[in-house]
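Undergrad: The structure is given below, and queries will be raised subsequently.
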Amino acid sequence: MNSPILFVCATAALILACAAPQKGGKVETTGQTPTSGMVVVSTAFKEGELIPVKYSGYGENVSPELAWENVPEVVKSFALICRDPDAPGGTFYHWVLFNVPDTVKRLPEGVGREPALSFGGTQGTNSFRRVGYDGPRPPMGTHRYYFDLYALDGMLVLDQTATAGQLHDAMKGHVLGQGSLMGRFKR
């Protein structure tokens, strides 16, 4: 015979287990700052503002300066993905970067296209099928560009051929926190 008290206790335990935050795992790139409190900023533009032409495919096509703070204490590396969810064919990836050492808290303007970076880290392959950063270049309208930063518990076994999808797969179970900066670009 089932006791109503046991049923209530078992149901409450199941609800609490399902609602408990999960450590690690793939963090969905929603553009929202997670509970870890990581903050991503740029001197080129503020959250929600227009990205200057200089950082676009219509300008100099150089990466903007980015910095971050409030990272988890146990972080071993960072990964960065710049994405345009408003592209006509679906999400378009403009930058794939990973294995940035935990000591780095800032990316300078104009990172370049070298796969291996002087300050540490590796650039992967973007949706243009090129290594490095390629800035906004929407065919028309206003698009949003998310610079999603991930704090990871280790280094990843990937090289410059890695795409955003491969990076997401490799990060599963290793994400400690995430922060995002969104800028817009209008054609």
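The values are calculated or read from the model by the stated rules, or taken from the named source; none is laboratory data. In this text, all values refer to a predicted model and were calculated from it rather than measured experimentally. Virtual Cβ from ideal backbone geometry, glycine too; neighbours counted across all protein chains shown.
Undergrad: For the stretch 36-83, name all the residues that are over 19 Å from Arg144 (Cβ atoms) and polar (S, T, N, Q).
TA: Ser36, Thr43, Asn70, Ser77
Undergrad: Evaluate the following for Gly165: is it surrounded by fewer than 21 Cβ atoms within 10 Å (Cβ to Cβ), in contact (Cβ under 8 Å) with a residue 24 or more places away in the chain and not hydrophobic (A, V, I, L, M, F, W, C)?
TA: No: the conditions fail for Gly165.
Undergrad: Further question on the same structure: Please identify the pairs in which a residue from the stretch 35-50 that is modelled with pLDDT of 95 or more and of a type in the set (Ser, Thr, Tyr) has its Cβ atom under 7 Å from the Cβ atom of a residue that is surrounded by 13 or more Cβ atoms within 10 Å (Cβ to Cβ) and not in a loop (DSSP other than H, G, I, E, B), counting only partners at least 6 apart or on another chain.
TA: Pairs that qualify, where the first residue is modelled with pLDDT of 95 or more and of a type in the set (Ser, Thr, Tyr) and the partner is surrounded by 13 or more Cβ atoms within 10 Å (Cβ to Cβ) and not in a loop (DSSP other than H, G, I, E, B), are Ser42/Leu66; Ser42/Leu181.
Undergrad: Across the stretch 120-130, what is the number of residues that are crowded, with 22+ Cβ neighbours inside 10 Å and assigned to a strand (DSSP E or B)?
TA: Counting residues in the stretch 120-130 that are crowded, with 22+ Cβ neighbours inside 10 Å and assigned to a strand (DSSP E or B) gives 1.
Undergrad: Condition first: part of a loop (DSSP other than H, G, I, E, B) and on the phi < 0 side of the Ramachandran plot. Now tell me which residues in the stretch 169-187 satisfy that.
TA: Across the stretch 169-187, the qualifying residues are Lys172, His174, Arg187.
Undergrad: Say whether the condition of being assigned to a strand (DSSP E or B) and among the aromatic types (Phe, Trp, Tyr) is met by at least one residue in the stretch 79-92.
TA: Yes, the stretch 79-92 has at least one match.
The rows are residues; the columns are (1) part of a helix (DSSP H, G or I); (2) of a type in the set (Val, Ile, Thr).
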| site | (1), (2) |
| --- | --- |
| Val111 | no, yes |
| Ser118 | no, no |
| Phe147 | no, no |
| Tyr150 | no, no |
| Leu167 | yes, no |
